1. Can you name the residue in segment 52-105 that is farther than 26 Å from residue 32 by Cβ and touching a strand residue (DSSP E or B) at 6+ places or on another chain (Cβ under 7 Å) and is also modelled with the highest pLDDT among such residues?
2. If you take the residues in segment 1-29 that are touching a helix residue (DSSP H, G or I) at 6+ places or on another chain (Cβ under 7 Å) and in a strand (DSSP E or B), which one is farthest from residue 90 (Cα to Cα)?
3. Out of 86, 70, 93, 74, I need the residue that is part of a strand (DSSP E or B) and closer than 22 Å to residue 8 by Cβ. Which one?
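The values are calculated or read from the model by the stated rules, or taken from the named source; none is laboratory data. These numbers were taken from a predicted model, which means no experiment stands behind them. Ideal geometry is used to build each Cβ from the backbone, glycine not excepted, and the neighbour counts take in all protein chains shown.
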């Protein structure tokens, strides 16, 4: 099993979610987050005064998936989240040792 964390632009969420559903991803957790990477935020103007916005709004998608689906899921997220501009985001893949569904006590792939 693997855990995938994807940080994407908020307006790409619906496309990513629909594409993941089509390839068989049955569940995900979505979190509104803020952060910055190489772009170091951006500047905005309010009433004639320029402000530096250091943390850019993003969406974090957390997925627990079987290891055999990793390449398909990563490719799908990368395709649907890509705008070709700075700040498209990142995808992190890490090993997932154990999963347990609290209600039933199921573990492993059965709990996903």
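1. Among those residues, the one meeting the criterion is 95.
2. Top of the filtered list is 2.
3. None of the other options fit; the residue is 93.
Okay, residues lined up against (1) in contact (Cβ under 8 Å) with a residue 60 or more places away in the chain; (2) surrounded by 12 or more Cβ atoms within 10 Å (Cβ to Cβ):
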{"site": "22", "(1), (2)": "no, no"}
{"site": "58", "(1), (2)": "no, yes"}
{"site": "70", "(1), (2)": "yes, yes"}
{"site": "79", "(1), (2)": "yes, no"}
